[in-house]
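Structure first, then comments.
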Amino acid sequence: MIYQFRSKAGPDVIMLADLTQRIFEILGRSLEPRGILTVEQLPSFIISLETAILKDLEERSKSNTAEQESAEKPKLADRLGQRAYPFLELMKQAKAKDEPVMWGV
């Protein structure tokens with residue numbers, strides 16, 4: 001399934017279900033076919049997602065160091081920061097302009 005997130009504050013963001021589910025788990029929110037992230041919720045959601053991205057980077061850095069010692073190439077596939085960046089930016093733009101983020105509408 002594909003989710004399309006919209007806000008008057010920025011361009012639409014389209015994500016596949018696996019990434020959307022992962023992000024919503026990080027946000028501590030259940031994923032419904034349609035919904036809204038209110039302006040009041042955005043600051044805490046932004047902090048939660050940024051924290052998860054930093055944690056993911058730290059874990060990958062540690063595992064890459066171990067892999068380099070064993071002469072393997074570091075794996076960068078499926079980096080949370082890279083995949084979640086458009087959604088994070090949409091939330092930041094929406095927060096800055098006091099607009100909600102909606103999907104399924």
Problem set entry | Some residue of region 59-77 being under 13 Å from the mean Cα position of the chain (by Cα) and either farther than 17 Å from VAL105 by Cα or modelled with pLDDT of 90 or more (or both) | no
For this session: Please verify whether region 42-51 includes one or more residues that are surrounded by fewer than 16 Cβ atoms within 10 Å (Cβ to Cβ), modelled with pLDDT under 90 and more than 19 Å from GLY10 (Cα to Cα).
Result: no
Seminar exercise, completed: Filtering region 1-21 down to residues that are surrounded by 17 or more Cβ atoms within 10 Å (Cβ to Cβ) and either within 10 Å of the chain's Cα centre (by Cα) or within 15 Å of GLY104 (Cα to Cα) (or both) yields TYR3, PHE5, ARG6, SER7, VAL13, MET15, THR20
For this session: Tell me, please, whether a residue that is at pLDDT 95 or above, buried (at least 17 other Cβ atoms within 10 Å of the Cβ), under 19 Å from SER7 (Cβ atoms) and not acidic (Asp, Glu) can be found in region 78-85.
Result: no
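Just to check your reading of the model, which residue among SER48, SER30 is without any contact (Cβ under 8 Å) to a residue 40 or more places away in the chain, among the small types (Gly, Ala, Ser) and in a helix (DSSP H, G or I)?
Going through SER48, SER30 in turn, just one is without any contact (Cβ under 8 Å) to a residue 40 or more places away in the chain, among the small types (Gly, Ala, Ser) and in a helix (DSSP H, G or I): SER48.
The values are calculated or read from the model by the stated rules, or taken from the named source; none is laboratory data. Nothing here was measured: the structure is a model prediction, and the numbers come from that model. In this analysis, Cβ positions are derived from the backbone assuming ideal geometry, glycine residues included, and neighbour counts consider all displayed protein chains.
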